[in-house]
Each structure stands twice: as C-alpha cells, then as structure tokens.
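Colleague: Could you have a look at this structure, given as structure tokens, before my questions?
Each reported figure results from applying straightforward, stated rules to the coordinates on display, with no laboratory input. Fair warning: this is a prediction, and the values are worked out from it, not measured in the lab. Note: ideal-geometry Cβ built from the backbone for every residue, glycine included; neighbour counts use all protein chains shown.
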Amino acid sequence: MDLAKQKRKVTSSKLTLTICFIIYFFSNSCNSFSKISSYNTLSTEEGYVKYENDSLQIKMLLYGDFKFVNNHAEYKMLSLKDKHPAPKKLLYGLTTDPAYYFIISLKSGKESPEFDTIKDITCYQGLQSRLSISKSAPESDIKFLFDNFKCNR
C-alpha cells in the first residue's frame, strides 16, 4: 500500500472516531435525566403510589393521578409548554386537576426557577436530592408531597 492510501485510511479513522465521540457527547448531554433514574421503582401502597430509588435511599408517597416520567424519551413525548429545565431529573410527575408538576432530581449548583417550591434531603453519601413542586400546586398537595419525601433508612 502506498503512503497516500495509508494517510487517507488514518485520516478516515480519525474522522470516524471524532464523529462517534460527537454523537456520544450530544446524546448524553441532551439527556436531562440522571442515569440513576433507571433505579426508580413505582408501586402501590395504601391507595397511593410509592416511589423509591434504592441507590439514593429515598422514598415518597404520591397521589395516583400523576403521569410519571423517568426517562428522556418519555419526557420528550410530553406536549407541555412549561417543561422544567432542571438537569439530573430522577422523576417527573404531572397532574391536570389541578394542573401542576413536581420533579425529583439530584441537586445541582443551579437554582431552581422562582416558580418552584423546593425541599432538599441528603440520604446517601452526601448526595442531595431535590423535590421541586410548581407553585401552582395547592398548599395541601405541597405539604403532603414534602411530608412524604424522605430517606429510606
């Protein structure tokens, strides 16, 4: 093989590797859900939905009328004008009567938008989990959700 063909082959390999890296980077950076969300479980308990993430040692009782989303593909399918921009989401819940949402996420350095009511807890190795509830939620719902967002110890 002559030198020109070898150079083209090396250049082609570098280009392929660069393209693969770019695709990998953008597919992961566009995902606003944490990989830890794959450890979410939802079950029923005493007429409520029970959320748990054993990796983070958190649990929560939730109302059953929420639509729950815990991955980016499902989240993208929601047709909402006010999707929450929070990174590192674990679980997104949406209800329509009354209309509001909540998000459980890993706490990041960014502050949540001012229209959210927030509770932070630390359950596992210093990782802070955050519950954000839209301020359009009724006070009684906010209290119920905050009271039931706790460590699973």
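Colleague: Take L106, L78, L91 and order them by how many other Cβ atoms sit within 10 Å, fewest up front. Can you show the working numbers first?
Modeller: Values: L106 17, L78 12, L91 24.
The most exposed by this proxy come first: L78, L106, L91.
Colleague: Ranking E52, E46, E74 by Cβ neighbours within 10 Å, fewest first, what do you get? Can you show the working numbers first?
Modeller: Numbers: E52 16, E46 6, E74 13.
Lowest count first: E46, E74, E52.
Colleague: Can you tell me how much longer the chain between F68 and T117 gets when fully stretched, taken as 0.36 nm per residue apart minus their C-alpha distance, in nm with one decimal?
Modeller: Details: separation 49, 0.36 × 49 = 17.64 nm, distance 1.89 nm.
Roughly 15.7 nm would be gained on extension.
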